[in-house]
Every structure is written in C-alpha cells, then in structure tokens.
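The values are calculated or read from the model by the stated rules, or taken from the named source; none is laboratory data. These numbers come from a predicted model, not from an experiment. Because the Cβ atoms are built from the backbone with ideal geometry, glycine has one as well, and the counts that use them run over all protein chains shown. Only protein heavy atoms, including side chains, enter the accessible area calculation; ligands, DNA and RNA are left aside. Shrake-Rupley method; radii C 1.70, N 1.55, O 1.52, S 1.80 Å.
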Amino acid sequence: MSAPQQPGYNAPVQGKSRMVAGLLNLLLGGIAAGDFYLGHMKIGAIRVAALILGYVLMVIGGTSNSGALLGIGYLIVLLVGIAGLACAIMTFMGKWIYEKDANGVPTV
C-alpha cells in the first residue's frame, strides 16, 4: 500500500491568463491593471506615477495659464496611453515581460 497523496501535490502550476492580462492592459492600461495582475509591480507603479504626474502638470498648467506645463502634461498622458496600448498588444502576443508572470510561470 502506498501513502495517501495530497490533492494537487506535484500538479503542474497553471499560469495566469494572457487574455485577461491583455484585456486589462487594453481597457485599464493607464493604471497598469494588466501589469499588476501579472505581478509586475515596479513597471505598474512607474506607469501609474507617470500618469499622475501628467495629470498634475495639466492641472497646474491649466490653473496658472502656463501653456508649457499644460502641453507637457498632455504629452505625458498621451505617452502613457500609447504605452498601455503597446503593452496590451505585447500581452496578447506573449512578448517581452508578458510571456511569464512575476513568479516566472508562463502565461497561458
């Protein structure tokens, strides 16, 4: 007789869904929801900080009638949006950091 096995012991690790991460990056790319879902906290925090910086510069530029700050804020927010779209495409394709989650488990 063999010893009883724990259920799920030695079972293959199931990766997180690439489709869910891609949709999160596509729909909520500004706040880096797909990155946080996959556990890439540093990149997600950088994207959120850049978005907040862009909005702060837009508010400061709009209230002080400074066209330069307003323009820089718009540019930063635009670049964060483009980065979110690019990350969504890379997530769907499984490229760059999106082929694995933060723990090294391949996305499926």
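Working ranking of peptides 63-72, 21-30 by packing, defined as the average number of other Cβ atoms within 10 Å per residue, highest first, is 21-30, 63-72.
In the set [x] 5.7; [y] 8.8; [z] 8.3, the label that goes with mean projected area of the Cα convex hull in nm² computed for this structure is [z]. Relative to the longest principal axis of the Cα atoms of the chain, helix 67-93 runs at roughly 20 degrees.
The helix-only estimate of mean residue ellipticity at 222 nm for the chain, built from DSSP H runs of length n ≥ 4 each weighted as -39500 (n - 2.57), is -20500 deg cm²/dmol after division by the residue total. Surface analysis of segment 42-89 yields an accessible area of 59 Å² per residue, using protein heavy atoms and a 1.4 Å probe.
Between residue 20 and residue 65, the contour length at 0.36 nm per residue exceeds the Cα-Cα span by 12.1 nm. Axis of helix 41-63 versus longest Cα principal axis of the chain: the two differ by about 20°, to the nearest ten degrees.
Solvent-accessible area assigned to carbon and sulfur over the chain amounts to 71 percent, based on a 1.4 Å probe.
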